[in-house]
Amino acid sequence: MIRNLRFLLTLFKMKLSRMMVYRLSFFGATFVDGCMFIVLILMFNAIYSQVDSIGGWSRGQATIFLGTFSLLNAISMTFYFFGVVGIPGKIKSGELDHYLTKPINPLLRLTFENIDPGSAPLIPLSIGIIAYGVSLQNMTSSPGTFILYFVFIFLMAVLFYDMQVILRTIPFFVISATSIEKLEGTVIELCMRVPGVLFKGMFKVLFYFILPYGLMATIPVQIITNSASGIMIAVSAAVVVLFTALAQWFWRFGLKHYKSAGS
Amino acid sequence: MKKYLEIAKTLFKAQIAYRFDVAMTMVFTISKILFAYILWDAVFGQNETVAGFTFPMMFSYYIISSFLYQIEMSDRVSWEVSARIRDGSFSKYMVIPVNPQRYFIAQTLGAMMFYPLFIFASTAAWVVLFRVKLVIACDTAVIAAALIMTVLGLLFMIQLNYLLGILAFRFQDISVFLMIKGNIVAFITGALVPLVLLPRGIVSVMRFFPFYYVTYLPSMLLIGRNKEEALTGIAVLAAWLLLFTILNKYAYSKFRVMYDGVGI
C-alpha cells in the first residue's frame, strides 16, 4: 500500500513537471468544463424562468444536480480521466507492453499516471454551485445527510471510473474506439442535462442499470434533499459494487486477449 | 470558381470513405431529440404552454434546430487550420494557387452537402418513433427566408471558424479556446434552449449579433413564429458575413508573416 502511494506520488511529480512546460494550457480543462457547466446553469435558469418545477424538481434541486455532476466530472478530470482515456491508444499501438512488464499493477499506473492538477479548481467551483443550489432550495439537512451525500459522491466517482474502464477495455477486442468514445460522450451529455428522475420506462432501465450515468448525480441529490428512498439508496450502492466487479473482471478478460502488437 | 467546385466535389466524394462515421452521425442525432423529448415532456406535464410554445411546437423547434445544428460542420475548419499551422502542413495552402479561405469554405461545403439527406432521414425516423406531431410553417416566403438565412448562417460560421483557426499563427495552441467556443456557441445559437426563454433585454442585444440568426431564427421561422424578423435577419447576417470576409482577409495577411512553416 505504502509502496503504491509512493509510486503515485512519483507519477504526480513527473506529470506536474510535464505540465509546467505548457503553462498556457495548464488550467485548460478547468476553463472548458467550467464554461460548460455555467452554460448548463444558464440553460436551466432559462427554463425555470418560465416554470416552477421540472418533473417535480425545483430550481434548487436542478442546480444541486448540475453542481453534483460537475463535482463528479471534476474528480474524474483531476484524478483518473486523462490516464484512462489513453488506454485504447496504448492497446492499438502495442505500447501497453511497457505497462505489463513493469513491477506495478498496470491499471493502477494507467489510471493515475496523468493526474491533472489543472482540473482541480473545478472541485471548489462545483462545491460553489452545490452551495448555491442548497441556498435556493432553502432546506434543512442533518450532518448525517451531508456525510451520506459525500459517501455517495465517492461511490459515484468510482462508478464513473468503472464505466470509463469498461468502455476503454472494449478496444482489446475491436481495436478502434472512436464510436465507443462518441457513445460515451453522447450519453454523458444527455445525462448531465436531464435529471435521472425524468427518465421513465425503458430509458430508466437503460440509464440506471445498463449505462448508469443517469444514476450518478441523481441519487446524491435525492439524498441531500431528503427525497431518496432507502431501497433506491441500497440499489444504487449495489449497482456500484456490481460495476466495480465487472470493470475489474472485464479488464483482466481484455488483457488475456491483448495481441501485444502495433496495428 | 471551377477549382473550388472541384475541391467541394472531392470532399463530397471523400465522405463516402467514412461510412461508419455517417452511420454514427445518424444514430447520434437522437441525443438532442431525446434530451428535448424527456425534458420538455416533464415540463409540459404540468404546463399547457411555455413562453407561447405548446409541446408539439417546442418539440418541432428542437427537431429543426437539431437538424440545422448537425449539418453545420464548420467546427472542423478551425480545428484543421490550427492543427495544420501547428504541424507546419499549412504551407501547402500558401503555395498552391488557391485562396486558403475559399479553399476551406469549398472543402466544408463539400463535406456538408453529403450529410443533410442522412441526417434528415434519421431525424424523420426519430419523429415517427416518438409519435410527435410536427408543427411546420406553410408560407413559402417564410420557408424561403429560413433557407436563405440557413445558408448565410453556415457561411458565417465557416468564416468565424476560419478566423479562429488562423489565430494559431499568433497564439499557436488555441484548442482550449475552441472547446470553450463550442459550448458558448451551442447556447447562443439556441441549440440548447429557444432564446425566447431568455430575458427580453438579453434577446434584444442578441439580435445585433449573427448567432441569433444561425440556428434559432430559421428554426422559429420554420415552426411559423417570428415572421416579422425574417428580412432583418437576412440583412444582419449578410452584413456580418461581409464584415468577416474583410476581417479574415486582413487577419490572414497580418498573421501569415508569423508562420515559420515547421512543426511546433
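Some notes on this structure:
- Checking the range B:186-196 against the condition returns a match, with at least one residue being farther than 24 Å from B:Ser82 by Cα and either surrounded by fewer than 20 Cβ atoms within 10 Å (Cβ to Cβ) or out of contact with any helix residue (DSSP H, G or I) (no Cβ under 9 Å at 6 or more places or on another chain) (or both).
- Looking only at the range B:55-88, and only at residues there that are of a type in the set (Ser, Thr, Tyr) and in contact (Cβ under 8 Å) with a residue 40 or more places away in the chain, the one that is farthest from the other protein chains (Cβ to nearest Cβ): B:Ser74
- Within the range A:239-263, tally of residues that are over 18 Å from A:Gln164 (Cα atoms) and hydrophobic (A, V, I, L, M, F, W, C): 1
- Checking A:Val187, A:Val205, A:Val194 one by one, the residue that is closer than 30 Å to B:Phe130 by Cβ, exposed (fewer than 14 other Cβ atoms within 10 Å of the Cβ) and among the hydrophobic types (A, V, I, L, M, F, W, C) is A:Val205 and no other.
- The single condition among (1) without any contact (Cβ under 8 Å) to a residue 60 or more places away in the chain; (2) under 19 Å from A:Lys182 (Cβ atoms) that B:Phe44 does not meet is (2).
- Flag if A:Val85 is closer than 23 Å to A:Arg193 by Cα, of a type in the set (Val, Ile, Thr) and either more than 12 Å from the chain's Cα centre (by Cα) or surrounded by 14 or more Cβ atoms within 10 Å (Cβ to Cβ) (or both): yes
- Test: residue in the range A:19-31 that is more than 14 Å from every other protein chain (Cβ to nearest Cβ) and not aromatic (Phe, Trp, Tyr): yes
- In the range B:163-264, counting only helices (runs of 4 or more DSSP H) that sit wholly within it, the ones holding 1 or more residues that are among the charged types (D, E, K, R) span B:168-171, B:175-188, B:200-206, B:230-255.
- Some residue of the range A:252-262 being surrounded by 14 or more Cβ atoms within 10 Å (Cβ to Cβ), among the charged types (D, E, K, R) and either closer than 25 Å to A:Gly67 by Cβ or at pLDDT below 90 (or both): no
- When the range B:215-242 is limited to residues that are in contact with a Leu (Cβ under 8 Å, 6 or more places away or on another chain) and among the β-branched types (Val, Ile, Thr), the one that is farthest from B:Thr150 (Cα to Cα) turns out to be B:Ile234.
- Just one of the listed residues (B:Leu178, B:Leu192) is without any contact (Cβ under 8 Å) to a residue 40 or more places away in the chain and not polar (S, T, N, Q), and it is B:Leu192.
- Restricted to the range B:197-227, and to residues there that are within 14 Å of chain A (Cβ to nearest Cβ) and of a type in the set (Phe, Trp, Tyr), the residue that is nearest to B:Cys138 (Cα to Cα) is B:Tyr216.
- Residues in the range B:104-157 that are within 28 Å of B:Ala17 (Cα to Cα) and of a type in the set (Gly, Ala, Ser): 8 in all.
- The sole residue among A:Ile47, A:Ile54 that is surrounded by 23 or more Cβ atoms within 10 Å (Cβ to Cβ), within 24 Å of B:Phe35 (Cα to Cα) and within 12 Å of chain B (Cβ to nearest Cβ) is A:Ile54.
- Selection within the range A:228-253 - under 30 Å from A:Ile91 (Cα atoms) and small (Gly, Ala, Ser): A:Ala245, A:Ala247
- Among the residues of the range A:187-199, those that are more than 15 Å from the chain's Cα centre (by Cα), of a type outside the set (Gly, Ala, Ser) and part of a helix (DSSP H, G or I) comprise A:Val197, A:Leu198.
- The criterion of at least 2 residues that are polar (S, T, N, Q) is met, among helices (runs of 4 or more DSSP H) falling completely within the range A:200-263, by A:218-224, A:230-256.
- Extreme residue, surrounded by the fewest Cβ atoms within 10 Å (Cβ to Cβ), among residues of the range A:103-116 that are under 18 Å from the mean Cα position of the chain (by Cα) and in a helix (DSSP H, G or I): A:Leu108
- Matching entry among B:Gly182, B:Gly190 (being closer than 20 Å to B:Pro116 by Cα, modelled with pLDDT under 95 and within 14 Å of chain A (Cβ to nearest Cβ)): B:Gly190
- Selected residue (only one of A:Gly67, A:Gly28, A:Gly60 is under 24 Å from the mean Cα position of the chain (by Cα), farther than 20 Å from B:Asn47 by Cβ and modelled with pLDDT of 90 or more): A:Gly67
Yes/no matrix, rows are residues, columns are (1) in contact (Cβ under 8 Å) with a residue 60 or more places away in the chain; (2) surrounded by fewer than 18 Cβ atoms within 10 Å (Cβ to Cβ); (3) among the acidic types (Asp, Glu); (4) in contact with a strand residue (DSSP E or B) (Cβ under 6 Å, 6 or more places away or on another chain):
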residue: A:Gly118; (1), (2), (3), (4): yes, no, no, no
residue: A:Ile130; (1), (2), (3), (4): yes, no, no, no
residue: A:Met139; (1), (2), (3), (4): yes, yes, no, no
residue: A:Ile153; (1), (2), (3), (4): yes, no, no, no
residue: A:Leu159; (1), (2), (3), (4): yes, no, no, no
residue: A:Asp162; (1), (2), (3), (4): yes, no, yes, no
residue: A:Val165; (1), (2), (3), (4): yes, no, no, no
residue: A:Phe172; (1), (2), (3), (4): yes, no, no, no
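- Scanning the range A:141-151 for residues that are touching a residue at least 12 places away in the same chain (Cβ under 8 Å) and in a helix (DSSP H, G or I) gives A:Thr145, A:Phe146, A:Leu148, A:Tyr149.
The values are calculated or read from the model by the stated rules, or taken from the named source; none is laboratory data. What you are looking at is a predicted structure, and each value in this text was computed from that prediction instead of being measured. Cβ sites come from the backbone with ideal geometry, for glycine too, and all protein chains shown count toward neighbours.
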